[in-house]
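Every number in this text was worked out from the coordinates using simple rules, so none of it is lab data. All values reported here derive from a predicted model rather than from experimental measurement. Cβ atoms come from the backbone with ideal geometry, glycine included; neighbour counts cover every protein chain shown.
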Amino acid sequence: MDPDLALLLNGIVSGLLLGGLYAAAAAGLSVSFGMLDVVNIAHPAFMVLASLLVALLWAATGLDPLLLSLLLTPAFWALGAAIYVVYHHFFERRGDEAIQGLAFFFGIMFIIEVALVMTVGPDQHFADASYANITWRLGEIDLPLRMLVPAALAFAAIGALALFLRRTFTGRAIAAVAQDRDALRLLAIDPVRIKRLAFGISIAMAALAGGALVVVQPVDAWSGHIFIGRVFAVVIMGGLSSLGGCVLAALAFGVVENVTASFYGPSWSPAVAFGCLLLVLAFRPQGLFGRAA
Amino acid sequence: MEGISRRGLGRLALGVAATVPATARAQTAPSGPPIRIGYSMSLSGGLAGNGRPAIIAHRIWADDVNARGGLLGRPVELVHYDDQSSGAQVPGIYTKLIDVDKVDLVVSGYATAIIAPAMPIVMQRNMTFVSLFGTGANNDFKYDRYFSINPAGSKVKETFAKGFIDLAMAMDPRPRSIALVNLDSDFHQRTAESARYLARQAGLRIAYDRAYPPSTVDFAPIIRAVQAARPDIVFVGSYPPDTAGLLRAASELRVNFQMFGGPMIGPHITAQKLQLGPILNNLIIWDVYAPEPTLQFPGIRPLIERYQPIAAKENVDALGYYVPPMAYTQMQVLEQAVKRVGSLDQAALAKDLHANQFDTVIGPLRFDELGEWAEDRNLYTQYQGVQGNGIEQFRKAGTQVILAPERFKSGELRKPYTAGA
């Protein structure tokens, strides 16, 4: 195969796998920010919290990190629901959710980071999955399982979430609360209860993303910082409240970053990826799959 | 056998009489107001992984000094604040330390990004300043009371990558091309500049020369692009999360280079040593210390032995080979200067630091006119024979051998680097 073609194909494939990690990180935010209008800037911090818990549990049990992250989801759902109760009581109910709400989640982020440093230390932690050192080869295309398995789990989880949102009564109520919360009351549905449930789901998704992250790379308390810009960009580019758009935007982000890094140097990757975001917003302000206002 | 005369006995008795009180004096508890040493340190944020071990080393030093009777007979007290790994916090911290806390001496926190913002405040107050892991921090200020605890020396461009390039050019067959990959940071830009300069001097063709941003998540495209450029050797500058990503990608892409490494900060930290295990084999790493017989200076082993149990309790770097020896040295240098001068006069301390040699746990050192080490000590080490992910192998000599410089050499270069394959 022509070396440049091999470089391009590998750039695209590795970009898709990287997009899987971005999709895992952004899917939960797509629910909280896209559907519930809660600007949870601490979402990557929850992801890192899950990563470090998975690393500790992995060291203690030796179980697969992704399985451990799956086992953590109920606890993270409960944590998310509890945080939403506080957020609703002190900010949303009073109509202070814009700036004060943002400050609240900034505070949550710092509290998580400092608490992690105080409890597990500032060093990097890791969890080695049994498949992390295996790479499948399809001709000249490399498929490292370290990236492939977390991406597969992410797509499976997002698919299940999309089915839940589309096929169940509660799922439809979550989609509806984003559009018209007063209409929900007419159906005798408590929008606060629905939002609590949905915010819990978004934090549970962060737990899964944390499992994926710690398989891909070692993690410390501040590893979430490099994801803040990316996950918001992915959610906005995909179109708020569109899970499918979020996945496609994440894949596009990954491919653009990796192909740029392969041919023009990694320094250009963020500039080109965020340049694409600006282009999308210039021509489709509602994002790729968002509904026009 | 020579007998002891009555006169000899008298001299001995006089000697004992003179020595015992002196020893007793030295071991008496220090008294009077403490000598306060102030600094900022990164106890949270991205630099905390190295800031916290530094604090442990400082505490061990303070305990040692106080057990020996203190400095100038006074106890030593450390006053430090968390700079959160942010340079923006640093000027405020040093202003408070000097103006409000009235500290007697100041030293720096960890790394150039924290040292540089402290310089204007320290210079304004004419304080002598001993820094920790700053690279070229005084190049622009040219402050004559600045002293650096960093082995890079003042001629970074001419010397930093010399050990690496010299090793490469001594190989048979000699390499013809080199790839340069570095993080887009001040330290790694300087080190890449050194490798670029020395590679050109050695007649190496530069096949790839790119920097990557700190936000990079996937390193496979970088390694793949380097492979496509087909260099014989690869010089890489990176920080811990990137180092793990680069080496993982190198392993997945089955690299095969005659030499691979450089200032890849990462395996210096115990957690990363354990995670990477055999991927480290034949990797060449710039370092400041390794438990090799050629680096066993007085005091280093007791320091490491005292550090490790504390580190285990406080959840910080378990082995402590990277920052703690340098942090302890930072305080040793100050201690020896104060003792020689006999006061806390800042001008006299700076004069003494420029004039004399210091015997430290990392060996003897002298400072040049810029306050950098008069003789650089850029160690190029190679991991050899790493098996599995156990910690014990990293405590032994022979696992991380020193290849350069020649005076500390403890092993021979092994090639190629295949990332554990």
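A few points about this structure:
- All C-alpha to C-alpha distances of the protein assembly as shown, sorted into 20 Å bins beginning at zero, yield P(r) values of 17, 45, 30, 8, 1, 0 percent in whole numbers.
- Calculated log₁₀ intensity ratio I(q)/I(0) where the Debye formula runs over C-alpha points of the range B:325-421, q = 0.15 Å⁻¹: -0.74
- If you look at the Cα atoms of chain B, you get an Rg and a Dmax of 23.3, 85 Å.
- Put a dot 7 Å past the Cα of B:LEU72, heading toward its Cβ, do the same for A:ALA115, and the two dots end up 4.7 nm apart.
- Three-way shape label, the range A:1-108, alpha-carbon gyration tensor, a/c 1.5: oblate
- Inter-probe distance in nm under a simple model that places probes 7 Å from Cα toward Cβ, at A:ILE134 and B:ARG340: 6.2
- Taking every alpha-carbon pair under 8 Å whose residues sit at least 6 apart, chain B reaches a relative contact order of 17 percent.
- Using the Cβ-Cβ distance between A:ILE141 and B:ALA229 with R0 = 25 Å, the FRET efficiency computed as 1/(1 + (r/R0)^6) comes to roughly 0.80.
- Of all DSSP beta bridges in the protein assembly as shown, antiparallel share, percent nearest 5: 35
- Computed helical MRE - 222 nm, chain B, DSSP H runs ≥ 4 contributing -39500 (n - 2.57), nearest 500: -12000 deg cm²/dmol
- Computed over chain A: relative contact order in percent, which uses C-alpha pairs under 8 Å that are six or more apart: 38
- Within the range A:93-176, GluC sites (Glu not before Pro) in DSSP loop having at most 16 other beta-carbon neighbours inside 10 Å: A:GLU140
- Residues B:ALA374 and B:ASP140, FRET efficiency given R0 of 22 Å [Cβ-Cβ distance, rounded to 0.05]: 0.60
- Separation between Cα centres of the range A:127-193 and the range B:280-331, rounded to whole Å: 45
- Of all DSSP beta bridges in chain B, antiparallel share, percent nearest 5: 30
- Unit Cα scatterers, Debye sum, the range A:3-283: log10 I(q)/I(0) for q = 0.10 Å⁻¹: -0.52
- Helix A:3-29 vs. chain A, principal-axis angle (Cα, 0 to 90°, nearest 10): 20
- Percentage relative contact order, the range B:118-276, counting C-alpha pairs under 8 Å, at least six apart: 19
- The range B:152-265 shape via C-alpha gyration tensor axes, a/c threshold 1.5: oblate
- The separation of the range A:218-273 from the range B:85-114, counted between C-alpha centres, amounts to 37 Å.
- Cα shape, the range B:181-229, gyration tensor, a/c 1.5 rule: oblate
- Estimated FRET transfer efficiency (A:GLN286, A:LEU63; beta-carbon r; R0 35 Å; 0.05): 0.25
- Distance from the Cα centroid of the range A:68-90 to that of the range B:145-183 is 51 Å (rounded to whole angstrom).
- Diagonalising the gyration tensor over the Cα atoms of the range A:171-293 and scaling each eigenvalue by 5 before taking the square root yields semi-axes of 32, 20, 9 Å, largest first.
- Degrees, to the nearest 10: A:269-283 long Cα axis against longest axis of chain A: 50
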